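The values are calculated or read from the model by the stated rules, or taken from the named source; none is laboratory data. Since this is a predicted model, take the numbers as computed values, not measurements. Ideal geometry is used to build each Cβ from the backbone, glycine not excepted, and the neighbour counts take in all protein chains shown.
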Number of protein chains: 2
Amino acid sequence: MPIQTVAIVGVGLIGGSFALALRASGFSGRILGVSSPRTLDAALKREVIDEGLPIAEAVPQADLVYLSQPISRILDILPRVRELAKPSALVTDAGSTKAQIVEQAARHFNENPWFLGGHPMAGKEKRGVELAGAGLFQDATYVLTPAGGKLPEATIIAEFVRYLEEIGSRVSVMPADEHDRIVAWTSHLPQLISTALAAAIADGLDEQDSSDVAGPALRDMTRLGESSFEMWRDVLGTNQTNVRQALDAYIQRLERLRQDAGGPLTEQEFEKAGIFRNNQ
Amino acid sequence: MPIQTVAIVGVGLIGGSFALALRASGFSGRILGVSSPRTLDAALKREVIDEGLPIAEAVPQADLVYLSQPISRILDILPRVRELAKPSALVTDAGSTKAQIVEQAARHFNENPWFLGGHPMAGKEKRGVELAGAGLFQDATYVLTPAGGKLPEATIIAEFVRYLEEIGSRVSVMPADEHDRIVAWTSHLPQLISTALAAAIADGLDEQDSSDVAGPALRDMTRLGESSFEMWRDVLGTNQTNVRQALDAYIQRLERLRQDAGGPLTEQEFEKAGIFRNNQ
């Protein structure tokens, strides 16, 4: 039985973009939205969703339930979604950390309905359905974190994966804890580094100085500083151990660079960085 | 007497772009280049310069001598340029740190010829005359660091400043040591942060992981990791005290973020970063 009705719970940048991408890739079923009245208005105006409904009306109709709220809301709502969803449904999420969500889902879900954790590696510094677009997932990695680390053989899961590929994303399957360890390095560490750089310069320099004598490098390196803490509170809070480990290793490197200040250790670091970039 | 002949000493990305920008802004005099035979060939082919000459032939003809070599070469060559230059000439440089160059120049130059330190806040991760372009200085800050912190009232200096404005740069005048303190924060710190991030991820993760699960944020934050140490050796080596101070303050912030890991201090840091970005 193919996916005919999709419920997007949390119609923001990610949920809205998923809806638009699904439609652009040829999905002809219904797309229901669950969000605040203001967001639903905006989503309906932009034709992101077909209908806005309360969760108790949307989820029971859906073959695919797409949870794209903040992580703490997903953790809270999972038991309720389990109660409301059809036994034949697939429930998935788009939270940026996976271990706690997958653990919480395992307490409530078995096969009917299925739960499958996901993380589209796409996003912007800004949020909201106003910025949603069908191209957001194009060429982006979409991590799936099934319990046990392997995708179950189920028709609805195969169909969901096919849609992910049709909207242009590269599906990557791995255990939730491995995902969280990797994103601590590739996403959470860069975010904290950028935020701290912007804050350090704000404290270390006069405003005039920093805006006069700042090149494109500084603008790039502080761009993530625009991200809202509202989202990052949950991300960092649900990945503390991995984030601390990554920061620890990073601080040690900076300490060595500070002592060396342009000497042979700095040269080695530039070489290693150059090799890393060439392999990307 | 207007500037009729320009000698570019070091026809790389910056020197070549200055020549092209000068020409594009209507400069109708001669542009001489001093560089390796290979670079002069490339510069002549791209019509970046009119003629390639040894320094002993180029500098004595020039009204404006533009030193755009690595900092250590500029430091070495200043006494010789002083000997070769016409008394009516202006000698300027494009080195990324200014205190040591201005100090060295003060030992050799007085008014005839003039020396004026400069730093165009423009560049790329890659080098070479092949990448030079007339638009490189457009909307970029061009810092001038006259001894004493104020531009001398001299016709040739006024004319040079007018050309800088005509090629699209925003001229900013400040003492050399102030420049070096600011760029330690706005340029050298971001560079070291980016290099260390790329190197940390290369060490902390498998190659496969880091290229699969990496978003645009990581690509931006490690882009400066492509910079060559060849150039940065001089930059960091001639600004060690300021670089160490900036790194020190930055490391302390990261230490606090590591302990806090998503708590109230992290929230404050995000707020400060957001305000900084909004003021840019």
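Summary table
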| quantity | calculated |
| --- | --- |
| Test: residue in segment A:118-135 that is under 19 Å from A:ALA158 (Cα atoms) and acidic (Asp, Glu) | no |
| Any hit, segment A:89-96, residues being modelled with pLDDT of 95 or more, hydroxyl-bearing (Ser, Thr, Tyr) and surrounded by fewer than 14 Cβ atoms within 10 Å (Cβ to Cβ) | no |
| Out of B:ALA140, B:ALA158, sole residue that is surrounded by fewer than 22 Cβ atoms within 10 Å (Cβ to Cβ), under 18 Å from B:SER25 (Cβ atoms) and within 14 Å of chain A (Cβ to nearest Cβ) | B:ALA140 |
| Criterion (under 25 Å from B:LEU218 (Cβ atoms), free of Cβ contacts under 8 Å to residues at least 12 places away in the same chain and surrounded by fewer than 22 Cβ atoms within 10 Å (Cβ to Cβ)) met by exactly one of A:GLU165, A:GLU83 | A:GLU165 |
| Members of segment B:168-178 found to be outside any helix (DSSP H, G or I) and among the small types (Gly, Ala, Ser), listed by number | B:GLY168, B:SER169, B:SER172 |
| Evaluation of B:PRO2 against (1) at pLDDT 95 or above; (2) farther than 17 Å from B:GLY135 by Cα (one fails), failing number | (1) |
| Condition met for A:LEU247 (within 7 Å of chain B (Cβ to nearest Cβ) and over 18 Å from B:ASP203 (Cα atoms)) | no |
| Qualifying residue in segment A:249-267 (condition: touching a residue at least 60 places away in the same chain (Cβ under 8 Å) and not assigned by TED's automatic domain parsing to the domain that holds A:GLY95) | yes |
| Verdict on A:GLU255 being at pLDDT below 95, at the interface with another protein chain (Cβ under 7 Å from one of its Cβ atoms) and surrounded by fewer than 17 Cβ atoms within 10 Å (Cβ to Cβ) | no |
| Filter result (in a loop (DSSP other than H, G, I, E, B) and within 20 Å of the chain's Cα centre (by Cα)) within segment B:16-65 | B:SER35, B:VAL48 |
| Selection within segment A:23-34 - under 9 Å from A:TYR163 (Cβ atoms) and buried (at least 24 other Cβ atoms within 10 Å of the Cβ) | none |
| Residues that are among the hydrophobic types (A, V, I, L, M, F, W, C) and either more than 8 Å from chain B (Cβ to nearest Cβ) or surrounded by fewer than 16 Cβ atoms within 10 Å (Cβ to Cβ) (or both), drawn from segment A:258-280 | A:LEU265, A:ILE275 |
| Within segment B:97-131, tally of residues that are surrounded by fewer than 20 Cβ atoms within 10 Å (Cβ to Cβ) and on the phi > 0 side of the Ramachandran plot | 1 |
| Given (1) buried (at least 19 other Cβ atoms within 10 Å of the Cβ); (2) at the interface with chain A (Cβ under 10 Å from one of its Cβ atoms); (3) closer than 23 Å to B:ILE71 by Cα, index of the condition B:GLU178 fails | (1) |
| Condition met for B:LEU84 (over 13 Å from the mean Cα position of the chain (by Cα) and either within 14 Å of chain A (Cβ to nearest Cβ) or over 19 Å from A:LEU205 (Cβ atoms) (or both)) | yes |
| Breaking point among (1) more than 11 Å from chain B (Cβ to nearest Cβ); (2) among the hydroxyl-bearing types (Ser, Thr, Tyr); (3) touching a His at 6+ places or on another chain (Cβ under 8 Å), for A:SER96 | (1) |
| Residue check, A:GLN245 part of a helix (DSSP H, G or I) and either under 21 Å from A:ASP180 (Cβ atoms) or under 24 Å from the mean Cα position of the chain (by Cα) (or both) | yes |
| Qualifying positions in segment A:1-21 - farther than 23 Å from A:SER227 by Cβ, surrounded by fewer than 24 Cβ atoms within 10 Å (Cβ to Cβ) and in contact with a helix residue (DSSP H, G or I) (Cβ under 8 Å, 6 or more places away or on another chain) | A:MET1, A:PRO2, A:ILE3, A:THR5 |
| Some residue of segment A:200-211 being at the interface with another protein chain (Cβ under 7 Å from one of its Cβ atoms), over 21 Å from the mean Cα position of the chain (by Cα) and touching a residue at least 60 places away in the same chain (Cβ under 8 Å) | no |
| Any helices (runs of 4 or more DSSP H) falling wholly within segment B:182-230 and containing at least 2 residues that are at pLDDT 90 or above and surrounded by 24 or more Cβ atoms within 10 Å (Cβ to Cβ) | B:189-204, B:216-222 |
| A:ALA184 vs. criteria in contact (Cβ under 8 Å) with a residue 40 or more places away in the chain, of a type in the set (A, V, I, L, M) and more than 13 Å from chain B (Cβ to nearest Cβ) | no |
| Contacts under 6 angstrom Cβ, first residue in segment B:222-239 being more than 7 Å from chain A (Cβ to nearest Cβ), partner of a type in the set (Val, Ile, Thr), 6 or more apart | B:ASP234/B:ILE71; B:VAL235/B:THR97; B:THR238/B:ILE71; B:THR238/B:THR97; B:ASN239/B:THR97 |
| Cβ-Cβ under 6 Å pairs, at least 6 apart or on other chains, segment B:97-110 side farther than 11 Å from B:ASP177 by Cα, far side modelled with pLDDT under 95 and among the small types (Gly, Ala, Ser) | B:ALA106/B:ALA147 |
